Every structure is written in structure tokens, then in C-alpha cells.
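Peer 1: So that we are looking at the same thing, I have put the structure below in C-alpha cells.
The values are calculated or read from the model by the stated rules, or taken from the named source; none is laboratory data. Because the structure is a prediction, the values reported are computed rather than measured. Cβ sites come from the backbone with ideal geometry, for glycine too, and all protein chains shown count toward neighbours. We work out accessible area using only protein heavy atoms, side chains counted, and drop any ligands, DNA or RNA first. Shrake-Rupley method; radii C 1.70, N 1.55, O 1.52, S 1.80 Å.
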Amino acid sequence: MAERSTAAVDVADNSGDEPLAADAAKATADGVDTQNGRAADGPMPEKDGERRSAAPAAAPELHSGHKLARRYRLEECVTRLDGFSSWRAMDEKLRRAVGVHLLPADHPRARAVLAAARSSALLGDPRFVQVLDAVEENDLVYVVHEWLPDATELTAFLAAGPLEAHEAYQLVSQVSQAMAAAHREGLAHLRLTPSAILRTSTGQYRIRGLAVNAALRGITSDTPQRADTEAIGALLYAALTQRWPYESDAYGLAGLPKGVGLIAPDQVRAGVHRGLGELAMRALANDGATASRQEPACTTPEELAKAVAAIPRIRPPEPAFTAPPEYQHTTYQQGSYGRPASPRVPLTQAVPVGPPPPPLQSRTGRALKWGVAALLIAALGLGSWQLADAILDRSKRTGGENSQTQQQGNDGAPAKKDPVPLAVKGAAEYYPDGKPQNADGVGKSYDGDASTYWKTKSYNEGPKLEITSGVGIIYDLGAEHEVSSASVALKFGGDHTTLALYAADSMHPKGSVGGMKKIADMTTKDNTADLTAETPVKARYVLLWITAVPYGPYADFSNAGFKQGITEVKFKG
């Protein structure tokens with residue numbers, strides 16, 4: 001696809017990405033760029049073919065408590081710069097935090113911002129922070145976007161030190177793949193700075209600012225794919241070295257020495273992963289770097305993503321081993337030379353015991369001892385013979401009765417058997433509303449792998465599912481069994497999950513859930529649910545039906561919202 005010069009734009013994150021400054025013009029001149037209210041650390045260098053248009057220095061004069069569209073209540077201004085402002089706001093309809101970019105409708109970039117935001121929203125890729133709304137009303141243009149309370153800027157991680165090789169690999173892999181997908185749809189970013197990359201609590205990287213951030217600042221490029229690829233290379237270089245790969249300091253990172261040019265990451269810091277360092281240079285070779293001698297330069301995110309995939313797998317670091325406490329010998333064995341004696345608490349308290357009574361030494365005592373021993377031996381022999389005789393006699397009298405009652409309990413009722421595991425032979429989603437959730441993932445709910453799971457869609461309202469009557473999976477046990485219980489491992493805990501088991505007549509029943517026989521139900525706030533029937537129910541097909549789900553964060557390309565996942569289901573009967 002041919003590159004397009006239309007700028008992409010910044011949409012959303014936990015906050016704005018520019019400083020709140022009284023003098024917007026000065027902030028622009030200083031190149032301030034922040035996240036979560038932190039100080040700025042430098043301008044994004046303009047590359048060949050990139051342009052920045054001028055803009056007025058006045059942002060709309062709004063205040064906390066102002067409401068947009070009778071829905072979005074502004075709460076905190078996090079950016080006021082270059083004629084626009086960015087806010088943390090509350091969506092009162094859906095009761096969730098959102099971010100809002102605001103600028104006057106007569107702002108020279110207003111039309112470009114609206115177009116960029118709408119294009120970004122159409123992409124719908126969960127690897128990007130999503131645009132939720134883009135509106136022009138009452139002489140204002142505003143863009144509403146996701147707010148990610150559990151995400152942290154890459155800027156914060158880099159301030160703490162270089163990333164470990166596996167984490168740097170995840171960064172460049174996820175970002176390059178996401179940007180390759182965006183460019184296939186004709187969208188560029190042009191502002192891929194450390195503050196534009198967010199890492200969620202689940203380890204996923206999300207990109208804020210696709211198509212909106214550059215439009216807000218009037219940035220365009222004749223070679224957008226090359227610009228974004230070089231920006232990803234700069235992010236990887238910074239992650240490996242904790243240095244910005246240009247002479248100027250930026251984003252809290254020191255630049256390279258002046259007059260030296262671009263040097264390979266392993267010359268900046270010892271121990272850099274060779275393959276990742278080579279990748280960074282191949283991406284930065286767009287500016288004429290020659291440190292990458294082995295492979296050609298990567299000039300598009302697609303090329304960079306393929307180059308990342310060709311690197312041998314980088315394993316995560318082994319968890320730190322904590323040695324067990326040293327075995328302490330007794331003072332006698334170890335001695336106390338050169339080591340202070342450590343106080344010990346005895347495990348048991350010694351009880352003084354007096355000397356044993358003296359043995360019987362007289363002839364009378366010896367005779368008495370032998371007499372007592374003989375009596376004991378005789379008593380034991382007589383008792384053993386009588387006991388054996390009684391057992392044999394009872395066995396003869398009750399042998400017939402035992403053969404008739406061995407299958408009964410004391411009260412004559414059949415003896416209860418311990419539940420046994422029931423193997424699942426197959427499964428399929430059950431969606432009477434005609435809208436499947438994740439039909440291809442049902443096998444992950446019983447594959448024996450705790451790291452995989454079937455997931456529902458994310459809903460804006462909950463915990464009770466109002467849009468659909470419920471979501472569920474029907475399991476085939478292969479034959480009819482007395483189903484007595486099910487153990488369900490859930491992906492998300494919290495308030496709250498409601499589940500029920502029903503006996504279905506087939507893998508694709510035509511009737512409603514109300515017409516099925518209920519086996520068991522329960523509500524839980526934990527990550528596990530044990531459903532137990534009062535009386536076992538005969539069934540071959542069992543429906544696991546979910547009618548309420550907790551709120552879960554972004555995970556594995558699933559948006560934050562009310563949702564649930566099933567990690568493992570096990571039946572007994």
C-alpha cells in the first residue's frame with residue numbers, strides 16, 4: 001500500500017501527553033511532552049519530510065465540572081498546549097473514566113483532528129487506545145478516548161533502567177506488529193515517543209495517539225511508514241541502552257555524545273542482546289546509519305515485524321531463587337568461634353526424670369517376676385484361641401447374609417459411590433440470541449492448560465448481563481452420566497460471577513434455558529466456582545450458563561469491561 005502523508009493522531013491514555021502550562025507558546029517552544037502530570041523531557045526531533053504547522057496558543061477556557069453532551073463531566077486538565085487541552089473526565093452514562101481532547105471549532109486543525117479520530121476509531125484494533133467519540137458542537141470539537149488506569153508509560157520504565165532482553169523483545173514485537181496493521185489501513189502515528197507507549201498490568205503494550213496526536217500538533221510526513229519505523233527503532237534503542245539515539249536529550253534520557261554519530265547499542269552498554277541491538281540499528285538506518293552491516297535496513301513496520309519474528313526466541317528470565325535457611329548445628333557440633341551464638345527457642349521443654357527404681361535383686365523378687373510372665377503368656381494364648389474360634393463360628397453363621405447385603409448400607413439402601421471424573425468429548429457455544437462470543441475458543445476451556453481460556457465479549461454495563469440473557473458453553477460427556485458437580489476455573493475474580501449448570505438435550509438445543517433441567521447454580525467473587533447438585537441429574541450434554549460477570553482489565557487483546565473467561569471446566573458424576 002502506498003504511503004500517505006496524512007498525519008495520524010493521538011487519542012487516549014491515562015492522561016494527556018503534554019504539560020499543563022500557563023504559557024502554551026513557551027511549552028511548545030521547549031518541546032515539553034509529559035504523561036500523568038510529569039515534567040517534560042524534550043522534543044520529538046523532526047525528520048526529513050515531516051512538517052509541523054503553526055497553531056494558535058489559546059485553548060478553550062473550560063473548568064472542572066463542565067459537562068459535554070450532558071454526559072462527559074470534565075474533572076482534571078492534564079494538558080493545555082498549542083491551542084488545545086486534554087482532560088480526564090467521567091462518562092456519567094456508563095460510569096467510567098475517559099479522556100477528552102478539546103479545541104475550538106475554528107481551530108485550523110479542527111477538521112484534521114476530527115477526520116483522524118474517526119479514522120482511528122474505524123480501525124478498532126485493541127492494541128491501540130480506542131477512540132470512543134468524535135464530535136463538533138457548541139463551537140467546540142472534542143475527541144473522547146479510553147482511559148487506562150492500570151497502564152504505565154514506557155517513560156517510567158526507562159527512567160528506572162534498561163529493559164531486560166525478553167521485555168525489550170516484547171516491546172518491539174508488539175509495537176511493530178500493531179503499526180504494521182495500522183499502516184495496512186492507511187493510518188500512521190508520527191508521534192511514537194516513550195510517552196505514547198503504555199504497558200498494562202498484564203504485560204500487553206498499547207499505543208496511544210494513533211491518528212490524533214500528530215493531527216493535534218499539525219505534524220505530517222511525506223514518508224509516514226519510514227518515520228514510524230525509525231521511531232520504533234529509537235524506542236528499542238532506548239529500551240536496550242537507556243539512552244536516546246540522537247545527540248539531544250529527550251524523554252528523561254541522555255542523548256549520544258555530540259559529533260560521534262549513531263553507535264551500536266552494545267558499544268553504549270555491555271551485555272546488550274546482539275540480535276535486538278542489530279534490529280534497532282536496522283530500523284534507525286533510515287537516517288543513514290552504517291552500524292548495521294549484516295542486514296538491510298527496515299523501512300516499514302511490516303519489514304521490522306518480520307525481522308523481529310526471525311530472531312530466535314528470547315526466553316523470559318528465570319524467577320529469582322531464594323535459598324532455604326541455613327541448617328543450624330548444635331553448639332557442640334558447630335562451636336562458637338568467630339560466630340556469635342544466635343538465640344534459639346527450644347522446640348520442647350525437657351522434663352526432669354528421676355532414676356528408675358532398682359531391679360528386684362532378691363530370690364523372691366525373681367520368682368515373682370517369672371510367675372507373672374507365665375500367667376501373661378497363658379492368658380494371651382487362651383484369649384487368642386477363643387477369639388479365633390468365635391470369628392470362625394460367626395463366619396459360618398453369617399456367610400450367606402453377607403453375600404446378600406454386601407451391596408447395601410446399614411439401612412438397606414444402596415451404598416453411595418464416590419464421584420468420578422467425567423471426560424469431556426466436545427463442546428460448543430450456546431448463544432440463543434444469535435451472537436457468538438468466542439466460538440473458536442471453546443476448546444481452551446477444557447484442554448487441561450491453565451494458561452489458555454475461552455472468553456466472553458467485554459460489556460460496558462454489568463455485572464448482570466443486560467444486553468444478552470446470558471452466555472455459555474454446552475459440553476458433550478460422550479454418554480449419559482449421573483452429573484453431580486462441576487469445578488470451574490475463572491479468568492477474572494471480583495464482584496461478581498453467576499453461573500448455572502443445566503441438562504441439555506443436544507449440542508444445539510432449540511429450546512430456551514428456562515426449559516432445561518437445572519443441575520446446580522451459584523454466585524462467586526473468586527476465580528473458582530464449585531457447582532454441586534443436591535441430587536445428581538442424568539445427562540450427556542451439560543450447559544454451563546453465565547448471567548453475571550465481573551469487571552476485568554484489558555487482557556490478551558480483550559478490552560476492559562464487564563467480562564469473564566473460563567480457564568478449565570471439570571465434571572464429576
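Peer 1: Once phi is turned into ³J(HN,Hα) by the Karplus curve 6.51 cos²θ - 1.76 cosθ + 1.60 with θ = phi - 60°, what whole-Hz value does each residue of the range 221-236 show in order, with x for glycine and proline?
Peer 2: Using θ = phi - 60°, the values come out as 8, 7, 10, x, 5, 5, 4, 5, 5, 5, 5, 5, x, 5, 4, 5 Hz.
Peer 1: Classify the range 192-271 as rounded, prolate or oblate, taking a ≥ b ≥ c as the square roots of the eigenvalues of its Cα gyration tensor: rounded when a/c is under 1.5, otherwise prolate if a/b is larger than b/c and oblate if not.
Peer 2: oblate
Peer 1: Restricting to DSSP loop positions (anything but H, G, I, E, B) with no more than 16 other Cβ atoms inside 10 Å of their own Cβ, which trypsin sites (Lys or Arg not before Pro) remain in the range 480-573?
Peer 2: Those that pass, being in a loop and sparsely packed, are Lys510, Lys525.
Peer 1: Taking 7 Å along the Cα-to-C-beta vector as the label spot, tell me the Thr528-Lys258 distance in nanometres, rounded to one decimal.
Peer 2: 6.4 nm
Peer 1: When the accessible area of the range 173-310 is computed with all protein chains present and a 1.4 Å probe, what percentage of it is carbon and sulfur? Spell out each step's value before the answer.
Peer 2: Details: 2090 of 4620 Å².
Of the solvent-accessible surface of the range 173-310, carbon and sulfur hold 45 percent.
Peer 1: What residues have an amide H closer than 5 Å to that of Leu132, excluding those fewer than 5 places away on the same chain, when H is modeled at 1.01 Å from N in the peptide plane?
Peer 2: Under 5 Å from the amide H of Leu132: Val144, His145, Glu146.
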